Amino acid sequence: MAESTFSDPRFADLAPQVVFVRIYAEVDTLTAGIYHLRGYPTVVLTTANGQEVDRFAGYRPTAQLYRELSDAMDGKGTLWDLEKRLKSSPNDPAILVAMGQEYIERGQADLALQKFQQAINGDKKNQSGKIDDALFSQARMQRDDRNWYKAAEGFRRLIKDYPDSEWREDAELYVPWLYVQAGDSTEALKRYRGFLKDFSG
C-alpha cells in the first residue's frame, strides 16, 4: 500500500490533519499488541493520544481508503458513531451487527459475539436483513477459534433459516471443510457431494 495507495497525492493533502506513521508489526510487537493487530496491512486511525477511532484491515485501493479515512475523520461509521446511534435506537440490528464487525476488527471477540447475539435475539424474523450477516460472522469466529462442530452448526443454521442469504453458498462450502478439520471424513464427503449437486455451476 505504501507504493500504490499512499503514493497518491490526496493523502499528502491530509498532512495538516493526520500524521502518517508506518510500523512493521512483526518488529514493533508492542504497538501491534496494543492495537490487537491480527492481519496486514491494517490502517489504524487514532486520536493524538493514541485512542483508536477506526481501522481498515486488508489492502485498500486509493479511492476506497481515502473515502473511508475521510468518513472516519468526520466521525461517520466509527465505533463511537455507532455507539451514539445505538443510544437512539437501542435494538437496531443493523447498528448491532456493524458494531460486532468493528469489535472483530479490534480483536474483541467477546464484545462482537455479544452484539451479534443481541441482534439475533431482537430480530428473529430478520426484518432488518442483517441476521444472516450476524450468524455468518459468529460461525466464522467459531471457525477461527477452531471450534469446528460449533462453527458447522452456525453455518447449518444460516443455511436452514436463511436459504436466500448471499452467504449461503459460502456457508454450504464451509460446512464440509469444517468436518474435514474435525477429522470426520464420512460427513465431509457427504456434505461435499451435496454441495456439488446443489451448486453444480
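The values are calculated or read from the model by the stated rules, or taken from the named source; none is laboratory data. None of the values given here were measured: they were computed from a predicted structure. Reconstructed Cβ throughout: ideal geometry from the backbone, glycine too, with neighbour counts over all protein chains shown. To get the accessible areas, we keep the full protein, side chains included, count just its heavy atoms, and leave off ligands, DNA and RNA. Shrake-Rupley method; radii C 1.70, N 1.55, O 1.52, S 1.80 Å.
Looking at Gly100, Gly50, which is the one that is open to solvent by less than 30 Å² (accessible area, probe 1.4 Å), modelled with pLDDT of 90 or more and either in a loop (DSSP other than H, G, I, E, B) or not aliphatic (A, V, I, L, M) (or both)?
Gly100
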Would you point out which residue out of Gly122, Gly107 is touching a His at 6+ places or on another chain (Cβ under 6 Å) and within 22 Å of Gly77 (Cα to Cα)?
Gly107
So is Arg85 open to solvent by 30 Å² or more (accessible area, probe 1.4 Å), within 28 Å of Ala119 (Cα to Cα), modelled with pLDDT under 85 and not polar (S, T, N, Q) or not?
no
Selection from the range 82-91 of residues that are in contact with a helix residue (DSSP H, G or I) (Cβ under 7 Å, 6 or more places away or on another chain) and not in a helix (DSSP H, G or I):
Ser89, Asn91
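For the structure I just gave you, tell me whether Asp13 is of a type in the set (Asp, Glu) and under 18 Å from Arg106 (Cα atoms). Break it down stepwise before answering.
On the way: of a type in the set (Asp, Glu): yes; under 18 Å from Arg106 (Cα atoms): no.
For Asp13, the condition - of a type in the set (Asp, Glu) and under 18 Å from Arg106 (Cα atoms) - is not met.
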Do we find a residue being under 23 Å from Asp198 (Cα atoms) and more than 13 Å from the chain's Cα centre (by Cα) anywhere in the range 114-131?
no
